[in-house]
Each structure stands twice: as C-alpha cells, then as structure tokens.
1. Neighbour counts of other C-beta atoms within 10 Å: give me Thr38, Thr94 arranged from fewest to most.
2. Could you list which residues have their amide H under 5 Å from that of Ala63, counting only those 5 or more apart in sequence or on another chain, with H placed in the peptide plane?
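What follows draws every value from the coordinates through simple rules; no lab data is involved. This one's a predicted model, so the numbers in the text were calculated from it and none came from an experiment. So basically every Cβ, Gly included, is an ideal-geometry build from the backbone, and we count neighbours across all protein chains shown.
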Amino acid sequence: MSTLTTQTLSTPALAVPGPLCEFARYVDDAGNPRRIATFTRADASVLILDAPPCGVCGARVLAELAPDEPHENARLVCEMYLADESRGRCRALTAGDLDPTSSALPAVVDPALSPDAVLRDADGRGYAIRPVDAVPTPRFFRFVTPKLAWTNTF
C-alpha cells in the first residue's frame, strides 16, 4: 500500500468539501488508474471511496465508518477490497453521501429485504444470516466467540 497523502479535490459535478486521504493506488481491469481514499464528514464519520486519481467524478462508495469506529477499519476495508477480484461493483458516490444528516437507507424498505427473509440463489438454495455457536479452532488459537454468519437453510 502507498503512503498516506492528503489533498483537497473537487469537480464541477460533485465537490468534496474537505481533504481526501489516499490509502492506495491500483489499476482497474480496463487499465485505468484508481485510488482508495477516505473522506471524513462533518459528523466525524468516514466514507471510504474508490476514485479516479484526480477528483471524485466516477467515485464509488466502498464503506461508511461510524464516528466511533477505529480508523484501522479503513485500512482493513482497503486491503479486502484490493484483494477482491470482483472489486468495482460498488454504488456510485452521490451528493447525499457527503451530507452526514442524510440517510443511506431507502425511505421505504422492501419487506422481502427484512432480516428474517431467506435469500435464494438461482438453484433455489436458501441462505440466511443467523447466530452461530463457538467452534474450536487449532490449538494455537482461542475459541471463536458466537457471531452472525451466512448459513444454508434446508
């Protein structure tokens, strides 16, 4: 990863009202240079963006970190994104993303997207997020604490 740099960027279409902190640079599948950068909003929350080398026109939102999240999480998101071969499928940055008072959630939530809904793939297999129990790991590691995970439904 590259050294962190800070610069203020804007475009006529969308202006970021503050500095972007660059985490890394890479070249996308089409051969275009890109960078991973963060923008701290007025409420201290942080947007992690995949953007062109200059400006934010064409930027994509990778994640939003709450004000109380450790800044280390931005680096983790950056590393996971760069390691993912399918990167580039994130939604476009909008003016609403720059305003911490706007909600990223839709005004009307589709009932099919409720936490209790079962997602089905093309073959009809179901998947749901559920609590999973702790499982033993190799003797060099501790037990994994209970957590949420994607599970198959039968």
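1. Thr94, Thr38
2. Those lying under 5 Å, H to H, from Ala63 are Ile48.
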